Amino acid sequence: MYDIQLFGSIEVRTRGVRLAGDDFGGDRPRQLLALLALHGEQSLVELSDLVGAPPATVKSDLKVLRDALEPGARDRDSVVVGRRGRYHLDTERVRVDVSTFDQLIDAAAGRSPERATRPLTAAAFLASRPLLEDENTPWAAALRAEYRAKLLMARPAEPAHAV
């Protein structure tokens, strides 16, 4: 199982190994991991537009990412799945903190403030550091703002106090 952390610095933990920073083979491979973890399946062209590199370069960066995550593994066995110019992470082998955050926010929705407290507290704990805090790209900044807003919007209303 690959545990991917996107709140704070991007990090992957698997089988007693921790990957962070330059362990992914550079900025673009690390950013591609974040984009696939956040957006699911993406075309090579979509990824290329987001990271601002030609599709051939992005394809090469995806190979670097695969090698960083699973040295020596064949492409067809990789957690980074590519078919017909579209890429995604193998969801049966990956857990992403942002997905857990979204599930907790959804679990709190529509509940009374008392019942929403537990999942919202857990979501706030996960999001205690900014999303993609070390990434200085427009798409990362937009996602940071989106997740900050999700957390703020999900806070339960303060109970009215009797006077």
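The values are calculated or read from the model by the stated rules, or taken from the named source; none is laboratory data. Every value quoted in this text rests on a predicted model; they were computed, and no experiment measured them. In this analysis, Cβ positions are derived from the backbone assuming ideal geometry, glycine residues included, and neighbour counts consider all displayed protein chains.
Brief remarks on what is shown
- Verdict on residue 84 being at pLDDT 95 or above and either among the aromatic types (Phe, Trp, Tyr) or out of contact with any helix residue (DSSP H, G or I) (no Cβ under 7 Å at 6 or more places or on another chain) (or both): no
- Look at (1) out of contact with any strand residue (DSSP E or B) (no Cβ under 7 Å at 6 or more places or on another chain); (2) over 25 Å from residue 13 (Cα atoms); (3) modelled with pLDDT under 95 and you find that residue 125 fails only one, number (2).
- The listed residue being part of a strand (DSSP E or B), in the same structural domain as residue 87 (by TED's automatic domain parsing) and not polar (S, T, N, Q), out of 30, 18: 18
- Remark: pairs (first residue in the stretch 121-150, free of Cβ contacts under 8 Å to residues at least 40 places away in the same chain and over 21 Å from residue 106 (Cβ atoms); second residue outside any helix (DSSP H, G or I) and hydrophobic (A, V, I, L, M, F, W, C); Cβ separation under 9 Å; 6+ apart in sequence or on different chains) = 141/132.
- Boolean, residue 107 is surrounded by fewer than 18 Cβ atoms within 10 Å (Cβ to Cβ) and assigned to a loop (DSSP other than H, G, I, E, B): no
- Among (1) buried (at least 18 other Cβ atoms within 10 Å of the Cβ); (2) assigned to a helix (DSSP H, G or I), the one test that residue 4 misses: (2)
- Selection within the stretch 36-71 - in contact (Cβ under 8 Å) with a residue 24 or more places away in the chain, within 17 Å of residue 83 (Cβ to Cβ) and part of a helix (DSSP H, G or I): 36, 44, 45, 47, 58, 62, 65
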